[in-house]
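Structure record follows, encoded as structure tokens.
The values are calculated or read from the model by the stated rules, or taken from the named source; none is laboratory data. In this text the structure is predicted, and so the values were computed from the model without any measurement. Neighbour counts run over all protein chains shown; Cβ positions are idealised from the backbone, glycine included.
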Amino acid sequence: MKPLTIAAAMLSLVLSAACSGPPETVSGSSAEARTMGFAFTYLWFSIYESPEDCPDGLNLALRDVAIMDLSQAEQERLVSPPHRSEYTNLGMDLGRQRNAQLGGESSCNYPEKFDDPPQRLVQGAIAFGKDLDGYDSTTSDPGPASCPHPDFESPDGAKGIDNQLYRVLGCIESYRQDSLYVSSGMKDFVIGAHHIGQITTLLEIRDVDDPRNDDAVEVSVFSSDDPVPYDSAKSGLPHASFTATDNPRWHNSVRGKIVDGVLLTEPFDLLLKFGYRKGTEYDIKGARIELALAADGTATGSLVGYYDKDEIYAALFKDKFGEVQAPYGYTCPAVHEALAENADGYPDADTGECTAISTAFDIQAVPAFIFQPDRMKTEEEVAAIEAETSSKKWGQKP
């Protein structure tokens with residue numbers, strides 16, 4: 001029989017010696033250790049928006065590059081609301097022209113071949129996130145094991161906040177809620193992938209003696225091929241059953257603790273399937289998860305760490321035809337360069353260039369039953385899958 005993870009909010013319904021009561025009544029001195037399971041219903045970047053973020057305006061899209069050489073009057077005509085479709089189509093035409101220069105491949109596969117205006121970065125001082133390196137970094141004094149970058153301050157005044165990915169993303173139109181035409185467009189894409197089952201993430205907490213305070217628990221994070229059920233309002237439904245992936249690459253384990261009902265993990269390297277785009281992954285080094293465990297079995301919190309800069313580019317900015325950059329507020333050459341210039345973690349031993357960029361995600365989760373697969377894939381099977389998917393990942397040179 002498959003082992004079962006008991007969802008936090010269902011513990012009171014399970015009549016067994018190992019699970020004798022709801023989590024709020026369990027204590028380390030009077031009950032056996034228990035297991036709690038969750039399915040993520042929301043996983044997206046923690047984006048703080050302020051009028052001070054983009055004093056020079058939002059980032060230039062491929063459509064803007066396409067009209068740069070036109071007269072000022074013609075540019076003003078194209079960007080006016082009645083002509084927005086013509087404006088966007090010019091950007092898509094430019095994308096197709098670039099693809100033709102590359103023999104039909106997406107121009108986003110080879111961003112170094114085009115010289116677009118640089119990315120407009122967030123200039124504001126406030127961002128969500130955590131102090132990942134324990135250092136209040138500046139451009140001239142980045143601290144040990146980092147690359148030059150100024151830290152943010154959190155909305156509550158904490159110093160040393162590391163979230164360089166927000167600096168790169170925060171002035172892209174489709175990543176902001178206050179933009180005029182494609183507000184939160186990229187979030188809609190990725191959260192939509194959660195809704196249709198392309199991305200499912202599970203979390204399991206084991207050896208829980210007391211769900212309010214426990215100084216030693218084991219935490220696992222898995223991908224799954226099973227979709228999370230949602231209601232008509234797109235709220236995740238609790239108490240569904242899931243089977244964790246049989247790909248060991250997407251099984252992650254770390255130690256943690258629970259303090260006043262909040263799960264805190266130690267730093268760990270996290271790999272999960274990013275099903276929105278074939279062959280890409282959530283590849284987050286030094287990841288830390290913080291989850292507030294509610295009495296009803298739900299959980300909310302954050303995931304922070306250093307996202308591999310090449311993986312985040314492949315996951316979010318490359319597309320098969322290179323056309324998304326026209327309407328969604330960026331160009332692949334500019335964002336590719338910005339990710340390299342703003343990466344602030346895990347320097348390469350030979351070059352000293354940072355290979356990962358600090359980031360922060362918001363998490364929402366519902367209680368879930370988690371099964372383990374009957375059989376895990378072998379190393380040979382995983383290698384075969386990786387070889388196949390790498391050939392499909394946009395940006396892999398033939």
At least 3 residues that are among the hydrophobic types (A, V, I, L, M, F, W, C) in each: list the strands (runs of 3 or more DSSP E) lying fully within region 205-308 that qualify. 214-223, 251-259, 262-265, 268-274, 280-293, 299-308
Of all residues being in a loop (DSSP other than H, G, I, E, B) and more than 20 Å from the chain's Cα centre (by Cα) in region 152-178, which is modelled with the lowest pLDDT? Just the residue, please. Asp178
Regarding region 319-337, can at least one residue be identified that is acidic (Asp, Glu) and at pLDDT 95 or above? yes
Selection count, region 210-233, where residues are over 17 Å from Glu290 (Cβ atoms) and either in contact with a Ser or Thr (Cβ under 7 Å, 6 or more places away or on another chain) or surrounded by 20 or more Cβ atoms within 10 Å (Cβ to Cβ) (or both): 8
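Residue-wise test of (1) under 30 Å from Gly160 (Cα atoms); (2) modelled with pLDDT of 95 or more; (3) of a type outside the set (A, V, I, L, M, F, W, C); (4) part of a helix (DSSP H, G or I).
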| position | (1), (2), (3), (4) |
| --- | --- |
| Ser50 | yes, no, yes, no |
| Leu58 | yes, no, no, no |
| Glu74 | no, yes, yes, yes |
| Arg77 | no, yes, yes, yes |
| Ser85 | no, no, yes, yes |
| Thr88 | no, no, yes, yes |
| Pro117 | yes, yes, yes, no |
Checking Asn342 against (1) at pLDDT below 95; (2) closer than 27 Å to Pro111 by Cα; (3) among the polar types (S, T, N, Q), only one condition comes out false. Which one? (1)
Options Asp269, Asp231; residue that is of a type outside the set (A, V, I, L, M, F, W, C), farther than 17 Å from Gly305 by Cα and out of contact with any helix residue (DSSP H, G or I) (no Cβ under 8 Å at 6 or more places or on another chain): Asp231
For residues that are crowded, with 23+ Cβ neighbours inside 10 Å and among the aromatic types (Phe, Trp, Tyr), scanning just region 140-195, find the one that is farthest from Lys130 (Cα to Cα). Tyr175
Name every residue in region 330-355 that is free of Cβ contacts under 8 Å to residues at least 40 places away in the same chain and either within 19 Å of the chain's Cα centre (by Cα) or under 19 Å from Leu121 (Cα atoms) (or both), in order of residue number. Ala340, Glu341
If a residue has to be within 16 Å of Lys187 (Cβ to Cβ) and either among the aromatic types (Phe, Trp, Tyr) or in contact with a helix residue (DSSP H, G or I) (Cβ under 7 Å, 6 or more places away or on another chain) (or both) to count, how many in region 336-364 make the cut? 2
So for region 336-345 (the condition being over 17 Å from Arg98 (Cα atoms), buried (at least 24 other Cβ atoms within 10 Å of the Cβ) and in contact with a Leu (Cβ under 6 Å, 6 or more places away or on another chain)), does at least one residue qualify? no
Only one of (1) of a type in the set (Gly, Ala, Ser); (2) modelled with pLDDT of 95 or more; (3) under 28 Å from Ala39 (Cβ atoms) is not met by Ala314, so which one is it? (2)
Looking only at region 101-134, which residues are in contact with a strand residue (DSSP E or B) (Cβ under 9 Å, 6 or more places away or on another chain) and not hydrophobic (A, V, I, L, M, F, W, C)? Gly124, Gly129, Lys130, Asp131, Asp133
Exactly one of Leu121, Leu132 is touching a helix residue (DSSP H, G or I) at 6+ places or on another chain (Cβ under 6 Å), not in a helix (DSSP H, G or I) and not polar (S, T, N, Q), and that one is Leu121
Any residue at all in region 265-272 that is buried (at least 18 other Cβ atoms within 10 Å of the Cβ), of a type outside the set (A, V, I, L, M) and under 20 Å from Ala216 (Cα atoms)? yes
Per the filter on region 184-202, residues touching a residue at least 24 places away in the same chain (Cβ under 8 Å) and hydroxyl-bearing (Ser, Thr, Tyr) are Thr200, Thr201
